[in-house]
1. Please note which helices (runs of 4 or more DSSP H) are completely contained in the range 1-117 and include at least 3 residues that are acidic (D, E).
2. Exactly one condition in (1) touching a residue at least 24 places away in the same chain (Cβ under 8 Å); (2) at positive phi is not met by I111; state its number.
3. What are the residues in the range 94-109 that are under 19 Å from E68 (Cβ atoms) and not aliphatic (A, V, I, L, M), if any?
4. Only one of these is without any contact (Cβ under 8 Å) to a residue 24 or more places away in the chain and surrounded by 11 or more Cβ atoms within 10 Å (Cβ to Cβ): E77, E85. Name it.
5. Please verify whether the range 56-70 includes one or more residues that are modelled with pLDDT under 80, farther than 17 Å from P100 by Cα, out of contact with any His (no Cβ under 6 Å at 6 or more places or on another chain) and among the charged types (D, E, K, R).
6. Look at R13 and say whether it is touching an Asp or Glu at 6+ places or on another chain (Cβ under 6 Å), of a type outside the set (A, V, I, L, M, F, W, C) and surrounded by 11 or more Cβ atoms within 10 Å (Cβ to Cβ).
Amino acid sequence: MARTRAALLAECRKRLLKTKQDILNGLSSSREDIEVMNGGDEADQAADFQQKAAALAMRESSLKQLKEIDAALQRIEDNEYGVCEETEEPIEEERLLALPWTRLSVEGAEIRDRRRAKFA
């Protein structure tokens, strides 16, 4: 069932804000994993280092997603939301509901993937 544009924007905005809050909550709890320094023997220190490296990688990924969410919220405010950056066509409603921060339609994502593979 197709939604009105206003209903779609409201639902996507709601999902973006919920995801943002979930990420922020996760970031504040992951801070402890990064800051805690354990003593112990070399094996304990190595395990601690691996745990911190994984926590930092997750944190970096979360920060990138936060930037995408903030950019999507800004596109909603600027009335530019839901337009594919690659094809300049509307992004599919189902895709926006599944990935409300997306900048690309399915076709646009395929075009980018082909281009990336060609120049990789």
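1. Working: elements: 5-35, 42-77, 93-98.
It comes to 5-35, 42-77.
2. Only one criterion in (1) touching a residue at least 24 places away in the same chain (Cβ under 8 Å); (2) at positive phi is unmet by I111, namely (2).
3. As a first pass, look at the range 94-109 and keep what is under 19 Å from E68 (Cβ atoms): 94-106, 108-109.
Residues satisfying the conditions are E94, R95, P100, W101, T102, R103, S105, G108.
4. Numbers: E77 fails: surrounded by 11 or more Cβ atoms within 10 Å (Cβ to Cβ).
One residue alone meets the criteria, E85.
5. Filtering the range 56-70 for residues modelled with pLDDT under 80 gives none.
No, because not a single residue in the range 56-70 is modelled with pLDDT under 80, farther than 17 Å from P100 by Cα, out of contact with any His (no Cβ under 6 Å at 6 or more places or on another chain) and among the charged types (D, E, K, R).
6. Values: touching an Asp or Glu at 6+ places or on another chain (Cβ under 6 Å): no; of a type outside the set (A, V, I, L, M, F, W, C): yes; surrounded by 11 or more Cβ atoms within 10 Å (Cβ to Cβ): yes.
When the stated conditions are applied, R13 does not pass them.
The values are calculated or read from the model by the stated rules, or taken from the named source; none is laboratory data. Treat the numbers as computed from the prediction; the structure is a model and nothing was measured. With ideal geometry, Cβ positions are generated from the backbone for all residues, glycine too; neighbour counts draw on all protein chains shown.
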